[in-house]
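Visitor: Below: one structure in structure tokens.
The values are calculated or read from the model by the stated rules, or taken from the named source; none is laboratory data. The model shown is predicted, which means the values in this text are computed figures rather than measured ones. Every residue, glycine among them, receives a Cβ derived from its backbone with ideal geometry; neighbour counts consider all protein chains shown. The protein model used for the area step is the full one, side chains on, heavy atoms only, and it has no ligands, DNA or RNA in it. Shrake-Rupley method; radii C 1.70, N 1.55, O 1.52, S 1.80 Å.
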Amino acid sequence: MTSTETHAAVSSESFSHSVADARRAEAARYVGGVFALALAYVAVAKGAQALHYTASVSAIWPPAGMGIAVLYLAGIRWWPGIFLGELIINGELYASNNGLPIGSLIGQQVGNMAEVIVGALLVRRLIGRRAALDRTDQVGGMLLALGTATAISATVGTVSILAGGVITHSEVATFWRTWWLGDSAGALVAFPLVVTWARAPNATWRRLATWEGVSLLAAVIVLAVVSVSINEAVTYMVFPALIWAAFRFGPAVAALSTAIAAVLAIGITAREQGAFFKHQIDDRVLSTQLYIMVAALTTLFLSAVVAERRRSTAELVAARIREGERALEERHRIARELHDSVSQALFSTILHTRTAERALVRQDIDTTASLARELAAIGELTRGAQGEMRTLIFELGSEAVSDGFVAALTRHAEILSAQDGVKIRVDGPGHRPALATKVETQLFGIGREALNNVARHARASRATVRVEERPGHLRVEIEDNGSGFDPGAPLVGHYGLESMRSRAAEIDALLTITSVKGGGTVVRVEVPLGEGPHDDARD
């Protein structure tokens with residue numbers, strides 16, 4: 001075996017070892033995550049069992065919501081953690097000799113697993129992945145998914161308990177209702193709490209770790225305790241604090257406030273105190289479950305409505321800002337267009353008017369002839385300004401470069417040649433370059449300004465416009481044989497150059513102006529190709 005082959009074999013073996021190590025590490029992380037999820041599931045279940053009303057009745061079952069939330073966020077692949085947690089809980093029930101047959105426990109295990117898996121799949125289907133529960137349709141979809149999933153568990157569990165002879169047929173309806181409401185109430189408490197806090201826990205903690213946040217939690221605790229401790233119907237007292245949470249803190253803190261109120265209500269009732277305890281056991285459980293469900297749904301829907309309103313307000317403000325920016329851009333564009341066309345003609349009109357005024361003052365022999373020439377020039381310039389204004393109005397109502405900026409420059413060159421006598425030739429490709437309409441519009445504006453300068457200031461007899469496609473970019477050159485100027489010298493009152501530079505900057509084009517006094521001027525613009533097709537290409 002050669003040294004090269006030996007090195008290749010060693011490299012291949014090293015790569016295989018690396019892949020195997022990575023797979024073992026991933027498997028170890030997965031197994032660890034499964035056990036961690038199982039322990040968390042058991043811990044939540046133990047907490048619910050600790051607040052039982054009787055030896056066999058817990059008001060709500062939050063592990064259902066916790067399991068659905070975890071599979072919804074992390075993926076269905078973590079179901080073994082839920083299965084292991086359920087197995088531990090049901091194993092303890094079987095070992096405690098509470099009278100439940102093994103068949104009923106197996107049915108309960110199957111029903112609870114179906115509840116969690118189906119619930120996670122339904123939630124993903126109805127509200128999407130990683131929902132913030134800050135929209136009413138998301139809260140409504142969550143309610144439908146959780147209600148359906150918990151109905152599966154209640155149905156399978158009730159049938160298994162009935163088949164095991166633990167309950168009679170007359171008790172089926174009450175048993176099913178208690179199971180379904182308990183799982184639904186637990187899911188409405190645990191699922192939003194896990195999902196909303198999993199999105200941005202640090203930001204939520206920072207928002208909560210303020211004087212207002214501390215005051216809110218204190219108000220929730222105090223009002224929740226008072227509302228269920230007094231042997232009167234004042235359970236509504238906790239709702240101002242829940243509304244405060246929904247309005248000021250959003251879904252995450254609203255879900256936390258609901259969970260706190262639920263735990264306190266169950267804990268106080270389990271210790272044989274408060275308004276719920278005075279009822280019979282079935283009514284006590286039902287009252288607690290309905291109280292928790294109403295509080296949870298009210299708070300969640302209210303926080304979603306507030307979030308939607310804030311979002312709509314922010315979108316409206318952003319739309320107004322964008323509208324203002326577009327209006328400002330349009331004003332700048334119109335200002336450039338007016339300068340490029342009408343203002344130049346009006347400026348020349350003013351010059352001729354002053355010349356005519358001076359001729360009148362001189363009152364010499366040549367006054368009449370000079371005055372006639374100047375007035376004729378004023379009339380011609382005024383007619384030209386009127387025509388350019390009409391052209392500008394037309395261009396504002398329709399696209400000047402609808403058939404390409406080369407064609408638009410050709411038309412403009414023909415107009416200038418007829419008006420000022422400058423021979424202007426436009427050379428361009430036989431096809432329309434693949435440029436965005438915005439780029440063509442700005443190139444036409446630059447070319448038009450350059451040609452206007454040639455006709456009005458350069459005292460040129462001829463000019464050439466060349467449009468060439470080169471690798472990666474398009475080059476536009478406007479060359480004249482006029483008097484030229486010093487590009488580096490400050491030109492007071494000449495805004496045409498600044499207009500061209502502004503247009504070039506808007507399309508990321510390179511603008512260079514080369515001029516020598518008495519040697520003419522070359523204006524060159526280079527713009528990248530491939531910025532997107534013109535509008536006609538997309539039709």
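Visitor: What's the local net charge at SER483, with K and R +1, D and E -1, over the other residues with C-beta under 10 Å away?
Guide: Charge balance near SER483 sits at +1.
Visitor: Quick one: how many Å² of HIS169 are accessible to a 1.4 Å probe, rounded to 10?
Guide: That residue has around 150 Å² of solvent-accessible surface.
Visitor: Alpha carbon centre of region 424-500 versus region 208-258: separation in Å?
Guide: 70
Visitor: Kindly rank 216-227, 423-434 from highest to lowest mean number of other beta carbons found within 10 Å of each residue.
Guide: Those peptides, ordered most packed to least, come out 216-227, 423-434.
Visitor: Read phi for every residue in region 287-299 and hand back ³J(HN,Hα) as whole Hz from Karplus 6.51 cos²θ - 1.76 cosθ + 1.60, θ = phi - 60°, with x for Gly and Pro.
Guide: Taking θ as phi minus 60°, the curve returns 4, 5, 4, 5, 4, 5, 5, 5, 4, 5, 5, 4, 5 Hz for region 287-299.
Visitor: Relative contact order for region 93-216: what percent, with Cα pairs under 8 Å and sequence separation of 6 or more?
Guide: Averaging sequence separation for qualifying contacts and normalising by length gives 28 percent for region 93-216.
Visitor: Over region 14-145, what is the relative contact order in whole percent, taking alpha-carbon pairs under 8 Å and six or more residues apart?
Guide: Dividing the mean separation by the residue count of region 14-145 yields 23 percent.
Visitor: Report, to the nearest whole %, how much of the accessible area of region 143-254 belongs to carbon and sulfur atoms, 1.4 Å probe, protein only.
Guide: The C+S portion of the solvent-accessible surface of region 143-254 is 72 percent.
Visitor: Got a sec to turn the phi values of region 125-141 into Karplus ³J(HN,Hα) couplings, 6.51 cos²θ - 1.76 cosθ + 1.60 with θ = phi - 60°, whole Hz, x for Gly and Pro?
Guide: 5, 8, 10, x, 8, 6, 5, 8, 6, 10, 9, 5, 5, 5, 5, x, x
Visitor: While we're here: Testing the spin-label approximation: label points 7 Å from Cα along Cα→Cβ at VAL317 and GLU330. State their distance in nm.
Guide: Calculated label separation equals 2.4 nm.
Visitor: Follow-up. Which order do peptides 509-515, 178-184 fall in by mean Cβ count within 10 Å, highest first?
Guide: Going from most to least packed, we get 178-184, 509-515.
Visitor: Ignoring ligands, DNA and RNA, what accessible area per residue does region 179-243 give at 1.4 Å, in Å²?
Guide: 46
Visitor: Can you tell me the accessible area per residue over region 134-173, all protein chains present, probe 1.4 angstrom, in square angstrom?
Guide: That works out to 44 Å² for each residue.
Visitor: Ok, one more. So how strong a dipole does region 75-207 carry about its Cα centre when Lys and Arg Cβ are +1 and Asp and Glu Cβ are -1, to the nearest 20 debye?
Guide: Dipole about the Cα centre, nearest 20: 760 debye.
Visitor: Sort 253-260, 106-113 by the packing proxy (mean of other Cβ within 10 Å over each peptide's residues), most packed first.
Guide: My ranking of the peptides, most packed first, is 253-260, 106-113.
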